[in-house]
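Notes follow the structure.
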Amino acid sequence: MLWRLPISLTSPVVMSTPVVLVTGASSGIGRATVSACAARGWSVAATMRRPDDAAGLAALPGVVVLPLDVTSADSVESAVATTVATFGRLDVVVNNAGYAIDGVFEGADDATIRRQFETNVFGLMRVTRAAIPVMRRQQGGTIVQVASMGGRVTFPLYSVYHGTKWAVEGFSESLAFELRPFGIRMRLVEPGAIRTDFYGRSREPIVAPVGAGYDDLVARCEAISLAGGRGGSSPEVVADTIVRAITDRGWRLRYPVAPPAPLLMALRKMLPEAWFLRLIRRRYGIRS
């Protein structure tokens, strides 16, 4: 299978196997993306904090498993350098590593907030920054940021998480202008509800202050959120969209995928803001 990567803005070169680095590859969307890329015969660096969690990924053809902790600049630089040393180049980065905290903001301490931003925003920025010089020298590449519908719409109890994803959206949209002259494409993949550890092992709930009056709201919103996760789409649906974002030759920036992301984002554009926010309040039973 041939895959085209522009060596300049006007002169494409044909490559047999693009080299893809995926962060947060041990489970969920990251693992599904590694499998989807490997199935197409691509070379993949599947990176994760604990390579012991690879669970057979290294057995896939063309896949190497590397340690990468996005909160460590040294770890990021080492993983990118090892990928280039192993495969000779780096054509695609999929920034998937991340997690969610949810709960009443009043109950969040500084350490919890910093930890969320350190992974979801600063970690993503570190990986992006490390990849840019490689792609710039190659005069081409693709950076896929796994964002969220939560980067353009919001729900109760996810204020800190939404803060990180809105930051990723703004950062990536602005950076796209800087990178386009070098033939580097920026993509924002914005999943809706997906059946992953986002709603389980990776979830970090914030405990509301006792007696502060949040109990009913928290119970109602958590039930809706967890039910949405159980009924969500599979990680493979997002992986297929990531592959499409990689292989698209145009300059499209955003790729919403999986319900309710496409619908909610369309409504956000179409409806007056007051109407849209009222729609969200009614969904979560916030009447006052």
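The values are calculated or read from the model by the stated rules, or taken from the named source; none is laboratory data. Computed from a prediction, not measured in an experiment: that's the story for all the values here. Positions of Cβ are backbone-derived with ideal geometry, glycine not excepted, and every protein chain shown enters the neighbour counts.
Per-residue answers, yes or no, for (1) of a type in the set (Lys, Arg); (2) under 30 Å from Arg220 (Cα atoms); (3) in contact with a helix residue (DSSP H, G or I) (Cβ under 8 Å, 6 or more places away or on another chain):
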| position | (1), (2), (3) |
| --- | --- |
| Asn120 | no, yes, yes |
| Thr142 | no, no, yes |
| Val146 | no, yes, yes |
| Glu173 | no, no, no |
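One line per residue, one yes/no per condition, for (1) touching a residue at least 60 places away in the same chain (Cβ under 8 Å); (2) among the hydrophobic types (A, V, I, L, M, F, W, C):
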residue: Val207; (1), (2): yes, yes
residue: Tyr214; (1), (2): yes, no
residue: Ala227; (1), (2): no, yes
residue: Ser234; (1), (2): yes, no
residue: Val237; (1), (2): no, yes
residue: Val243; (1), (2): yes, yes
residue: Leu263; (1), (2): no, yes
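Total residues in segment 39-70 satisfying the condition of being surrounded by 15 or more Cβ atoms within 10 Å (Cβ to Cβ) and outside any helix (DSSP H, G or I): the figure is 19. Return a yes/no flag: does segment 226-238 have any residue that is under 18 Å from the mean Cα position of the chain (by Cα), in a helix (DSSP H, G or I), modelled with pLDDT under 95 and surrounded by 12 or more Cβ atoms within 10 Å (Cβ to Cβ). Yes, some residue in segment 226-238 is under 18 Å from the mean Cα position of the chain (by Cα), in a helix (DSSP H, G or I), modelled with pLDDT under 95 and surrounded by 12 or more Cβ atoms within 10 Å (Cβ to Cβ).
What tally of residues in segment 39-64 results from selecting those that are closer than 25 Å to Ala245 by Cα and either over 19 Å from the mean Cα position of the chain (by Cα) or modelled with pLDDT under 95 (or both)? Residues flagged as closer than 25 Å to Ala245 by Cα and either over 19 Å from the mean Cα position of the chain (by Cα) or modelled with pLDDT under 95 (or both) within segment 39-64 amount to 13.
Elements of the type helices (runs of 4 or more DSSP H) sitting completely within segment 92-206 and holding at least 1 residues that are in contact with a Lys or Arg (Cβ under 8 Å, 6 or more places away or on another chain) and closer than 22 Å to Ile242 by Cα: these cover 124-138, 159-179. Among the candidates Arg287, Arg244, Arg249, Arg281, the residue that is assigned to a helix (DSSP H, G or I), farther than 16 Å from Asn96 by Cβ, of a type in the set (Lys, Arg) and out of contact with any Asp or Glu (no Cβ under 9 Å at 6 or more places or on another chain) is uniquely Arg281. On the stretch given as segment 252-278, residues that are part of a loop (DSSP other than H, G, I, E, B) and closer than 29 Å to Gly30 by Cα total 5.
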